[in-house]
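The structure appears below as structure tokens.
The values are calculated or read from the model by the stated rules, or taken from the named source; none is laboratory data. Note that the structure is a prediction, hence the values are computed from the model and not measured. Methodologically, a virtual Cβ is constructed for each residue, glycine included, from the backbone with ideal geometry; neighbour enumeration extends over all protein chains shown.
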């Protein structure tokens with residue numbers, strides 16, 4: 001099985017490349033970054049979604065059987081302009097490669113933000129929302145790919161990620177910003193201390209995507225990728241503070257309820273899946289960022 005991966009140097013992309021590097025499948029990994037070196041079974045190709053003829057020829061010669069689409073330009077810019085750019089660029093990319101006969105499966109990624117409900121368990125069949133530019137663009141990408149895959153007899157998977165954390169995460173995210181403040185001996189005011197979210201470790205995400213990738217029984221469609229439970233931001237901050245022997249001054253608080261993933265569907269693919277231990281995975285992230 002040959003894999004074409006977009007967004008190879010993004011947060012999820014880097015982790016997934018690390019995960020795939022010890023697998024047996026050849027990977028052609030696209031990224032806008034320059035001078036990326038070949039790893040064991042991963043060949044990096046400098047390119048945006050705007051494929052030129054030379055890049056397209058390389059992809060065609062590679063003959064990918066699976067596309068893993070992790071590309072999204074400009075995070076955390078979710079403006080109208082940037083969201084539209086991402087939709088148009090991805091549409092251009094898939095129109096260019098859709099007729100490559102070797103392609104059998106396409107995996108693309110959505111977000112838990114797509115769900116209309118704001119509290120409680122989210123099922124893949126729940127209503128979606130187009131209330132933001134980001135959500136609207138994700139909807140258009142999903143519909144575009146559904147139609148494209150149907151016409152070309154390609155199996156299509158849409159994976160809705162919940163709150164992913166771990167190594168390589170952007171510096172503005174909860175854990176990196178917290179760790180950076182501690183490193184620089186600055187006071188970090190976590191504005192989201194009362195929030196609860198479905199936090200899922202990036203290694204779990206990679207594992208579940210891989211399980212879908214190699215499954216002989218899984219069928220295309222929408223899949224939630226989350227831990228299946230709510231975790232308070234305060235708990236995460238407390239684990240970090242305890243690691244550095246710091247005292248957390250916040251005591252009893254009233255938590256804000258949020259949405260969390262139903263993972264019943266994805267557990268049919270990996271029946272032994274259990275979310276990583278929160279404390280252990282946060283400490284692994286701390287040590288990676290050291």
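Of the conditions (1) closer than 24 Å to residue 151 by Cα; (2) touching a strand residue (DSSP E or B) at 6+ places or on another chain (Cβ under 6 Å); (3) assigned to a loop (DSSP other than H, G, I, E, B), residue 102 fails just one. Which one is it?
Failing condition for residue 102: (2).
Out of curiosity, is residue 253 in contact with a helix residue (DSSP H, G or I) (Cβ under 6 Å, 6 or more places away or on another chain) and outside the structural domain of residue 219 (by TED's automatic domain parsing)?
Working: in contact with a helix residue (DSSP H, G or I) (Cβ under 6 Å, 6 or more places away or on another chain): no; outside the structural domain of residue 219 (by TED's automatic domain parsing): yes.
It is false that residue 253 is in contact with a helix residue (DSSP H, G or I) (Cβ under 6 Å, 6 or more places away or on another chain) and outside the structural domain of residue 219 (by TED's automatic domain parsing).
Only one residue in 98, 105 is in contact (Cβ under 8 Å) with a residue 60 or more places away in the chain, within 27 Å of residue 153 (Cα to Cα) and either buried (at least 18 other Cβ atoms within 10 Å of the Cβ) or in contact with a helix residue (DSSP H, G or I) (Cβ under 7 Å, 6 or more places away or on another chain) (or both). Which one?
Numbers: 98 fails: in contact (Cβ under 8 Å) with a residue 60 or more places away in the chain.
So the residue among 98, 105 that is in contact (Cβ under 8 Å) with a residue 60 or more places away in the chain, within 27 Å of residue 153 (Cα to Cα) and either buried (at least 18 other Cβ atoms within 10 Å of the Cβ) or in contact with a helix residue (DSSP H, G or I) (Cβ under 7 Å, 6 or more places away or on another chain) (or both) is 105.
Here is a check on your reading of the model: is residue 139 farther than 28 Å from residue 33 by Cβ, crowded, with 16+ Cβ neighbours inside 10 Å, in contact with a strand residue (DSSP E or B) (Cβ under 6 Å, 6 or more places away or on another chain) and modelled with pLDDT of 95 or more? Working first, answer last.
Details: farther than 28 Å from residue 33 by Cβ: yes; crowded, with 16+ Cβ neighbours inside 10 Å: yes; in contact with a strand residue (DSSP E or B) (Cβ under 6 Å, 6 or more places away or on another chain): no; modelled with pLDDT of 95 or more: yes.
Taking the combined requirement at face value, the residue does not satisfy it.
Tell me, please, whether a residue that is on the phi > 0 side of the Ramachandran plot, in contact with a strand residue (DSSP E or B) (Cβ under 8 Å, 6 or more places away or on another chain) and surrounded by 17 or more Cβ atoms within 10 Å (Cβ to Cβ) can be found in the range 5-18. If you could, list the steps in order and put the result at the bottom.
Within the range 5-18, the subset on the phi > 0 side of the Ramachandran plot is 7.
If we keep only those that are in contact with a strand residue (DSSP E or B) (Cβ under 8 Å, 6 or more places away or on another chain) as well, we get 7.
Narrowing further to those that are surrounded by 17 or more Cβ atoms within 10 Å (Cβ to Cβ): 7.
So far as the range 5-18 goes, yes, one or more of its residues are on the phi > 0 side of the Ramachandran plot, in contact with a strand residue (DSSP E or B) (Cβ under 8 Å, 6 or more places away or on another chain) and surrounded by 17 or more Cβ atoms within 10 Å (Cβ to Cβ).
Inspect the range 175-198 for any residue being surrounded by 12 or more Cβ atoms within 10 Å (Cβ to Cβ), under 15 Å from the mean Cα position of the chain (by Cα) and closer than 27 Å to residue 116 by Cβ and give the result as yes or no.
Filtering the range 175-198 for residues surrounded by 12 or more Cβ atoms within 10 Å (Cβ to Cβ) gives 175-182, 188, 190, 192-198.
In the following step, the residues that additionally are under 15 Å from the mean Cα position of the chain (by Cα) were identified as 198.
Within this subset, residues satisfying the condition of being closer than 27 Å to residue 116 by Cβ are 198.
Yes, the range 175-198 contains a residue that is surrounded by 12 or more Cβ atoms within 10 Å (Cβ to Cβ), under 15 Å from the mean Cα position of the chain (by Cα) and closer than 27 Å to residue 116 by Cβ.
Take residue 87 and decide whether it is assigned to a loop (DSSP other than H, G, I, E, B), in the same structural domain as residue 29 (by TED's automatic domain parsing) and either in contact (Cβ under 8 Å) with a residue 12 or more places away in the chain or within 23 Å of residue 111 (Cα to Cα) (or both).
Working: assigned to a loop (DSSP other than H, G, I, E, B): no; in the same structural domain as residue 29 (by TED's automatic domain parsing): yes; either in contact (Cβ under 8 Å) with a residue 12 or more places away in the chain or within 23 Å of residue 111 (Cα to Cα) (or both): yes.
No: the conditions fail for residue 87.
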